[in-house]
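S.K.: Quick one: structure below, then a few questions.
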């Protein structure tokens, strides 16, 4: 009996995995690290030390989700789930309707990139500048997609990973070529794809600089690749299209991520013959 009692006590005092703590009303001591908030259902979710939930109508604090020793930096909705990036490089999916923690996934290299330690000028940054860098990078790293089912891509310079939201299953991981890196700060998403540019410092077998490239990551179809200039800029236009700004010579094109093809810009003579027609807001030449 003494052995059984000791075992039960040890189990009761076992540390909670990942430092998870969910607090009911009355423990709203949040000091938000950013101004970010998202509305979902009847809730307003805010990024404090963790994830804070408030009633949208009354403003009443309903619950807090924290992780000991970690600070939440950014959240995004993947379907009905709130996905959070933490400063220790962990990514968590939470179901707001019952504040249940659904899964955790660690992304190699994410925490180091968020902190920007060792980068030029890092030692001269103030605490505020360091935190601003973390917040900006966390928002760029987390890219939610809702078709054909909710999933998230987590993008770092050395690695891109895709997690299916319903179970946290790792669906893909991709590393860029040697001497190349992905650029999270130029990454965008549509409803069915995440578009990740790469930059390179190396050369090909002929000694020419490696070209720019955009990879479109999807779960329901093969990925595609788009040859672009090294300084291409991407802009989400809507749930299926992104503008590809490739500089003054090539200009701006529109890519349809559902069709996997370019659509001509408004006013182009190719519009009547295009397979993918421009619609709504589109890029100007």
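The values are calculated or read from the model by the stated rules, or taken from the named source; none is laboratory data. Since the structure is predicted, the reported quantities are computational estimates derived from the model, not experimental observations. Here the Cβ positions follow ideal geometry from the backbone for every residue, glycine too, while neighbour counts run over all protein chains shown.
S.K.: Check 207, 212, 216 and return the single one that is crowded, with 17+ Cβ neighbours inside 10 Å and modelled with pLDDT under 90. Spell out the reasoning first.
M.R.: Working: 207 fails: crowded, with 17+ Cβ neighbours inside 10 Å; 216 fails: modelled with pLDDT under 90.
The unique qualifying residue is 212.
S.K.: I'd like the residue in the range 12-45 that is part of a helix (DSSP H, G or I) and surrounded by 14 or more Cβ atoms within 10 Å (Cβ to Cβ) and, out of all such residues, is modelled with the highest pLDDT.
M.R.: Let us first name the residues in the range 12-45 that are part of a helix (DSSP H, G or I), namely 12, 17-19.
So of that shortlist, the ones also surrounded by 14 or more Cβ atoms within 10 Å (Cβ to Cβ) come out as 18-19.
Numbers: 18: 68, 19: 75.
Looking at the filtered set, the residue picked out is 19.
S.K.: Let me ask something else. Counting only residues that are in a strand (DSSP E or B) and closer than 16 Å to residue 162 by Cα, how many does the range 215-235 have? Break it down stepwise before answering.
M.R.: Step one: of the range 215-235, the residues in a strand (DSSP E or B) are 215-217, 224-228, 233-235.
Still in the list and also closer than 16 Å to residue 162 by Cα: 215-217, 224.
Result for the range 215-235: 4.
S.K.: Among the residues of the range 264-274, are any closer than 21 Å to residue 174 by Cβ, at pLDDT below 95, more than 20 Å from the chain's Cα centre (by Cα) and outside any strand (DSSP E or B)?
M.R.: First, the residues of the range 264-274 that are closer than 21 Å to residue 174 by Cβ: none.
No, the range 264-274 has no match at all.
S.K.: Of all residues in the range 126-182 being closer than 18 Å to residue 222 by Cα and out of contact with any strand residue (DSSP E or B) (no Cβ under 8 Å at 6 or more places or on another chain), which is modelled with the highest pLDDT?
M.R.: 147
S.K.: Looking at 171, 166 in this structure, which one is in a strand (DSSP E or B), closer than 20 Å to residue 79 by Cβ and without any contact (Cβ under 8 Å) to a residue 60 or more places away in the chain? Full working, then the answer.
M.R.: On the way: 166 fails: in a strand (DSSP E or B).
It is 171.
S.K.: Follow-up. In this structure, is residue 106 free of Cβ contacts under 8 Å to residues at least 40 places away in the same chain and at positive phi? Full working, then the answer.
M.R.: Numbers: free of Cβ contacts under 8 Å to residues at least 40 places away in the same chain: yes; at positive phi: no.
Taking the combined requirement at face value, the residue does not satisfy it.
S.K.: Something else now. Taking the range 158-188, which residues are surrounded by fewer than 17 Cβ atoms within 10 Å (Cβ to Cβ) and in contact with a helix residue (DSSP H, G or I) (Cβ under 7 Å, 6 or more places away or on another chain)?
M.R.: Across the range 158-188, the qualifying residue is only 185.
S.K.: So, in the range 98-152, exactly how many residues are exposed (fewer than 13 other Cβ atoms within 10 Å of the Cβ) and within 27 Å of residue 39 (Cβ to Cβ)?
M.R.: Number of matching residues: 3.
S.K.: Cβ-Cβ below 6 Å, separation at least six or inter-chain, first residue in the range 50-61 and without any contact (Cβ under 8 Å) to a residue 40 or more places away in the chain, second in a loop (DSSP other than H, G, I, E, B): which pairs?
M.R.: 52/30; 56/42; 61/25; 61/28
S.K.: Within the range 46-71, can you find the residues that are at positive phi and crowded, with 19+ Cβ neighbours inside 10 Å?
M.R.: Filtering the range 46-71 down to residues at positive phi leaves 59, 69.
Of everything in the range 46-71, nothing turns out to be at positive phi and crowded, with 19+ Cβ neighbours inside 10 Å.
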